[in-house]
Structures are given as C-alpha cells and as structure tokens.
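A.B. asks: Pasting in a structure now, in structure tokens, and then I'll have a few things to ask.
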Amino acid sequence: MMPTRTRQWLANRMSSHLDWPASRALALKGDTTISVVLPARDEQETVGSIVSAIREALVERVPLVDELVVIDSRSADDTAKVAARAGATVHHQDDILSHLPGLWGKGEALWKSLAVTSGDVVVFVDSDIRNFGPHFVTGLVGPLLADPELVYVKGCYSRPLREADSFSPFDGGRVTELLARPLLNMCWPELSGFVQPLAGEYAGRRTALEAVPFVCGYGVEFALLVDLAELVGVDRMAQVDLGCREHSHQSTAALGRMAGQILDTAWSRMHRQGIVVPERPFSRGITQFVQTADGYESLDWDVEVSERPPMREVLAGSGAPRPRLPRS
Ligand SMILES: O=c1ccn([C@@H]2O[C@H](COP(=O)(O)OP(=O)(O)O[C@H]3O[C@H](CO)[C@@H](O)[C@H](O)[C@H]3O)[C@@H](O)[C@H]2O)c(=O)[nH]1
Ligand SMILES: O=C(O)[C@H](O)COP(=O)(O)O
C-alpha cells in the first residue's frame with residue numbers, strides 16, 4: 001500500500017503542465033535565468049525539431065529560456081550539425097573539462113553540461129522525443145518559479161509502446177515498471193510517488209544539481225532522485241504531468257544492459273545508505289545470450305557505472321571562470 005506520506009506528497013506536490021502555460025511561467029520568472037539542456041547521441045532525426053520548437057516558442061515568442069544547449073554525446077551522425085542549424089549552442093561532451101579523462105554515457109553528458117551553462121534553473125530534456133511540445137519545458141519550470149522552496153521537478157506521462165505492427169498506449173517504460181519502480185518501492189518508499197522515475201525530462205536548481213554526484217550512464221536519473229531526496233527531502237521535490245511521451249524504443253537486449261547500469265547505481269546507494277551490507281563482492285557485468293544456428297552465443301557486457309563528484313567541487317578546484325548569463 002502507498003505510504004500515507006506519499007499520498008500526501010502527491011496531493012501537495014503534483015501538478016499538470018496545464019497549470020503552467022508559458023505566459024504564467026514568464027510572469028513568475030523575475031530575474032531567474034533558465035538553461036535548457038538536451039543530451040544527444042545519434043539523434044539527428046529528432047533533435048532539430050525539439051530545438052526549433054523551444055527556440056520559437058520559449059526564446060523568440062515568449063522570452064522564458066535564456067540558454068538552449070545540446071551536448072553531443074559522441075554522436076556518429078549529424079546530430080551536432082542539425083542541432084546547431086536549429087538554433088542550439090552545441091558542445092561536444094569530450095571537449096568539456098577536457099583535462100579530465102572522459103567517461104561515457106548520458107550521465108556524463110548531463111554532468112558536463114553544468115560546466116558550460118549558467119542558468120539558475122537547469123531543464124533536461126531527452127532529444128529522442130517524437131511528440132515534443134514546449135509544454136514539457138513550461139511544465140517543468142513553472143513549479144520552481146512559483147515556489148522558492150522547491151529544488152527539483154520531475155516529469156511524468158503516459159508512455160505508449162509502438163512496435164512495427166502494434167501500438168499499446170500504456171505499455172512503454174519497461175525498465176521503469178520492471179526494475180526502477182519495484183526497487184524504489186522496496187528501498188526508498190518515500191519516492192514511490194514518482195510515476196516515471198527514469199524520465200529524462202526534469203528541472204532542478206543549479207545549486208542542488210551541482211551539490212550531488214552524477215553517475216555516467218543510464219543510472220543518472222535513479223541516482224539523482226535518491227541523492228537529491230537524501231540532500232533536500234522529498235517535500236522539496238515535485239512532479240508534473242506532461243501528458244503523453246513517445247520516444248524511440250531500444251531493443252530488449254539494450255534495455256537489459258540499461259537495467260544492469262540502474263541496478264549497479266541502486267546498489268551503490270543501498271550500500272552507501274546502509275540499506276544493505278555486502279558480505280562478499282558482487283559482479284558488475286552481465287552475460288546475455290543470442291540464439292545462433294548452433295545454440296546460444298554468450299556476450300559479456302560491463303554494466304559498472306563510474307561516478308563524477310559534485311560539479312561545484314570540480315569547478316571550485318579548477319579556478320576557471322564560470323559562464324554567466326546576463327539577468328533580465
Ligand atoms: O551515451 C549516451 C546515450 C544516450 N544519450 C541521450 O540520452 C537521452 C536518453 O537516451 P535513450 O537511449 O533514448 O534512453 P531511453 O531508452 O529513452 O531511456 C529512459 O531511461 C533512461 C534511464 O534512466 C533515461 O536516462 C532516459 O532519459 C529515459 O528516457 C537521449 O537524448 C540520448 O540521445 C546520450 O546523450 N548519451
Ligand atoms: O524508461 C524505460 O523504462 C526505458 O526507457 C524503456 O522504455 P520503453 O519500454 O518505452 O522502450
């Protein structure tokens with residue numbers, strides 16, 4: 001059963017993007033600066049239309065977004081070119097803090113984005129969304145602009161599963177439903193009210209995002225949720241319903257490796273918070289099988305995720321000037 005506290009949190013901290021039209025967000029903005037960051041790896045099909053939609057609606061028509069940045073995460077296609085043409089400032093993941101040995105993955109792209117942006121509020125949006133609208137951004141920033149106590153807002157939505165010859169309106173988010181939500185319910189029930197804990201669309205105050213570590217791969221959303229709840233408490237976190245989200249689905253085998261990274265991340269937090277005390281080392285790899293004419297071939301994958309320290313520690317130690325946005 002959902003804990004009473006979670007039920008109360010949902011009643012107090014859940015809103016809809018319909019509550020936060022662009023005009024209302026703008027009226028609340030004051031001198032708060034806003035950066036939107038899209039991590040992108042091989043997203044030339046979708047990144048351009050997302051950047052254009054944000055630029056037209058929330059930079060040109062309504063001046064809500066101060067900075068629109070794409071972090072090109074080692075793409076092999078024309079992602080960077082398409083994003084720049086659509087109006088984003090593009091940074092290549094490995095060019096940022098290039099004195100540090102580069103790590104891989106989405107979490108690394110998000111962490112590095114903190115070093116090249118300067119908005120007081122940072123909004124992360126995946127660049128593979130197929131039905132993007134500016135309400136993703138206005139819905140995420142609205143609660144933060146309205147309530148100075150809040151530090152983090154996570155999107156939720158319905159998630160269709162679209163396959164070659166079928167469409168199921170609510171069956172997407174397989175790693176979410178089969179792994180992430182059961183783990184949160186088991187170990188962090190205070191976070192069980194997050195409908196889409198792995199959602200790639202969320203916004204946070206820079207001060208909080210720079211105060212927590214980032215894991216490099218797909219565990220980044222899980223880690224942020226658990227670490228921010230530990231840092232500020234769930235009552236300073238909120239959720240906003242963004243409607244429906246469609247994205248490009250990965251193969252089941254790729255989702256298995258994603259699940260391995262999320263489990264590795266969750267395990268590190270369980271250990272750190274004393275939820276489990278390991279008595280023997282555990283494996284940080286998974287073996288998957290593919291069927292061949294002769295039987296099964298095994299493939300070994302490393303799913304261990306590395307971790308970056310809080311960005312504020314790295315920037316404080318570097319002595320490099322921070323980027324600054326002019327305040328309106
Ligand atoms: O090395 C990488 C891999 C992915 N991405 C980008 O990250 C976003 C999400 O990646 P994707 O492979 O599309 O993940 P999903 O299958 O959509 O996974 C879901 O679950 C993940 C695990 O929590 C989250 O990171 C995602 O945001 C969430 O949408 C996309 O813009 C990617 O281009 C990178 O920037 N670098
Ligand atoms: O968030 C998830 O659970 C994974 O990205 C898988 O999503 P999908 O089942 O919609 O492909």
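A.B. asks: Per 20 Å bin from zero, what fraction in whole % of the C-alpha pairs of the chain is there, up to the bin with the longest pair?
C.D. replies: For the chain, the pair-distance distribution reads 31, 61, 8, 0.
A.B. asks: Something else: Starting with the highest mean, order 66-74, 240-248 by the number of other Cβ atoms within 10 Å, averaged over the residues of each peptide. Provide the component values of the computation, followed by the final result.
C.D. replies: Numbers: 66-74: 23.7, 240-248: 19.0.
Highest to lowest by the protection proxy: 66-74, 240-248.
A.B. asks: Let me ask something additional. Can you work out the accessible area per residue across region 91-192, with the rest of the protein chains kept in place, probe 1.4 Å, in square angstrom?
C.D. replies: Values: 3760 Å² over 102 residues.
Per-residue value: 37 Å².
A.B. asks: Further question: Pairs on different chains or at least eight residues apart, Cα atoms closer than 24 Å: how many lysine pairs in the chain fit?
C.D. replies: On the way: Lys29/Lys154; Lys81/Lys106; Lys81/Lys112; Lys106/Lys154; Lys112/Lys154.
Lysine pairs meeting both conditions in the chain amount to 5.
A.B. asks: Ignoring ligands, DNA and RNA, what percent of the 1.4 Å accessible area of region 4-318 is carbon and sulfur? Provide the component values of the computation, followed by the final result.
C.D. replies: On the way: 7030 of 13670 Å².
With neighbouring chains kept in place, the figure for region 4-318 is 51 percent.
A.B. asks: Sort Ser98, Ser113, Ser166 from largest to smallest accessible area, using a 1.4 Å probe on the heavy atoms of the protein chains.
C.D. replies: Details: Ser98 85, Ser113 0, Ser166 45 Å².
From most accessible down to least: Ser98, Ser166, Ser113.
A.B. asks: Rounded to the nearest 500, what is the chain's calculated 222 nm mean residue ellipticity when only DSSP H runs of at least 4 contribute -39500 (n - 2.57) each, over all residues?
C.D. replies: Values: 11 runs with 111 residues, N = 328.
Value at 222 nm, helices only, nearest 500: -10000 deg cm²/dmol.
A.B. asks: Could the peptides 46-58, 295-307 be put in order, highest first, of the mean number of other beta-carbon atoms found within 10 Å of their residues? Before the final figure, lay out the partial values.
C.D. replies: Numbers: 46-58: 21.5, 295-307: 13.5.
Those peptides, ordered most packed to least, come out 46-58, 295-307.
A.B. asks: Using DSSP to call loops (not H, G, I, E or B), can you name the chymotrypsin sites (Phe, Trp or Tyr not before Pro) in region 122-191 whose Cβ has at most 11 other Cβ atoms within 10 angstrom?
C.D. replies: For chymotrypsin sites (Phe, Trp or Tyr not before Pro) across region 122-191 that sit outside H, G, I, E and B with at most 11 neighbouring Cβ atoms in 10 Å, the list reads Phe170.
A.B. asks: Can you give the translational diffusion coefficient of region 177-320 in µm²/s, computed by Stokes-Einstein from the Kirkwood radius over Cα pairs at 25 °C and 0.890 mPa s? Display every interim value, and only then the final one.
C.D. replies: Details: Rh = 17.1 Å.
Value of D from the Cα-based Kirkwood radius: 143 µm²/s.
The values are calculated or read from the model by the stated rules, or taken from the named source; none is laboratory data. Small disclaimer: the values here were computed from a predicted structure and weren't measured. Every residue, glycine among them, receives a Cβ derived from its backbone with ideal geometry; neighbour counts consider all protein chains shown. What goes into the accessible areas is simple: the full protein's heavy atoms, side chains included, and nothing from ligands, DNA or RNA. Shrake-Rupley method; radii C 1.70, N 1.55, O 1.52, S 1.80 Å.
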